[in-house]
Amino acid sequence: MSIASVTLADVEIAVLAVTAEAVGLPEVTLDDNLLELGVDSLVATRIVAVLRTRFGADIPLLNVFEYPELREFAVSVLDTIHDASQV
């Protein structure tokens with residue numbers, strides 16, 4: 001799958017799985033807040049690193065803190081992926 005064809009659903013699934021694993025929960029929802037889940041800069045770095053590898057886009061670490069609700073974070077990740085595909 002090319003990064004240009006990545007959908008919001010693809011990103012949401014990845015964000016939920018990566019976040020749940022990073023915080024040690026069986027599952028999280030799109031309504032969950034990363035900061036309320038206990039995500040600090042170290043955990044955020046792990047989440048972003050996995051997503052960068054999975055999607056091949058340079059997702060800013062700051063997005064975790066600017067968009068802490070998982071739904072918003074997923075949209076920010078998708079925007080970054082699509083921006084990267086335009087280059």
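Restricting the calculation to Cα atoms, the chain yields a radius of gyration followed by a Dmax of 11.8, 37 Å.
What's the angle, to the nearest 10 degrees (0 to 90), between helix 8-23's Cα axis and the longest principal axis of the chain? Relative to the chain, helix 8-23 is tipped by roughly 30 degrees. Here is the list for the range 11-82: GluC sites (Glu not before Pro) lying in DSSP coil, each with at most 16 other C-beta atoms within 10 angstrom of its C-beta, are Glu27, Glu36.
No value in this document is a laboratory result; all are computed from the given coordinates. This one's a predicted model, so the numbers in the text were calculated from it and none came from an experiment. In this analysis, Cβ positions are derived from the backbone assuming ideal geometry, glycine residues included, and neighbour counts consider all displayed protein chains.
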